[in-house]
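These notes concern the structure reproduced below.
The values are calculated or read from the model by the stated rules, or taken from the named source; none is laboratory data. All values reported here derive from a predicted model rather than from experimental measurement. No Cβ is skipped: glycine too gets one built from the backbone with ideal geometry, and neighbour counts run over all protein chains shown.
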Amino acid sequence: MKAMLLILSIVALVLLVSTAAFASMYYSVQSVDGQRITQLNAEVSSLKSSNSELSAKLSAINSSLQGIYAQSALATSMAHWNYIAIENTSLIDSSYSPSATLHWVGGPLTGTYVGMGEINKVWAKFTDLYETVYWYTIVPPTVSQVNSSYRDMSKKAPTFGEEMN
């Protein structure tokens with residue numbers, strides 16, 4: 001019986017020492033993991049802050065670009081209309097991409113013209129049909145963005161002699 005008690009005492013002591021060793025390792029690992037988690041949380045907060053700052057800067061840049069895009073579309077349109085006014089078909093043609101489509105609405109030239117060959121012919125016909133075009137405006141047209149690559153100038157600008165609404 002004493003031998004059994006001794007064996008049980010030794011087994012209990014081994015279990016107690018093992019439990020203490022595992023507990024020590026567990027708390028040691030948990031402490032290291034806790035420090036690492038705290039460090040990672042600080043990095044995440046820093047990255048969120050940087051992301052917010054960069055998003056604000058990107059938003060400001062995009063706002064600036066929208067104004068520049070509108071000015072560019074307006075300048076390109078004004079140049080195109082000036083080319084029409086001086087009846088220079090070479091300059092008019094330079095305003096179109098090779099795969100452009102021209103939708104002419106109203107008058108004897110009404111139709112859809114696809115490609116530079118047809119577009120060139122319709123502008124040549126236009127310059128032959130009409131005398132010099134005088135185009136004056138008091139206020140430039142308003143440019144509105146339709147999507148990321150297309151802008152519309154559908155608001156008619158008042159021309160010389162017309163009243164502004």
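In a helix (DSSP H, G or I), free of Cβ contacts under 8 Å to residues at least 12 places away in the same chain and of a type outside the set (F, W, Y): which single residue out of S77, S72 fits that description? Full working, then the answer.
Details: S77 fails: free of Cβ contacts under 8 Å to residues at least 12 places away in the same chain.
Residue meeting the stated conditions: S72.
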Is it the case that some residue within segment 87-102 is surrounded by 15 or more Cβ atoms within 10 Å (Cβ to Cβ) and at pLDDT below 85? yes
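In segment 70-86, which residues are touching a strand residue (DSSP E or B) at 6+ places or on another chain (Cβ under 6 Å) and exposed (fewer than 15 other Cβ atoms within 10 Å of the Cβ)? Break it down into steps so the answer makes sense when it comes.
Initial filter on segment 70-86 (touching a strand residue (DSSP E or B) at 6+ places or on another chain (Cβ under 6 Å)): 73.
Selection gives nothing.
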Criterion first (over 32 Å from the mean Cα position of the chain (by Cα), surrounded by 11 or more Cβ atoms within 10 Å (Cβ to Cβ) and either polar (S, T, N, Q) or at pLDDT 90 or above (or both)) does G111 satisfy it? yes
Single residue of segment 20-69 satisfying the filter (modelled with pLDDT under 85 and closer than 30 Å to Q145 by Cβ) that is surrounded by the most Cβ atoms within 10 Å (Cβ to Cβ): Y69
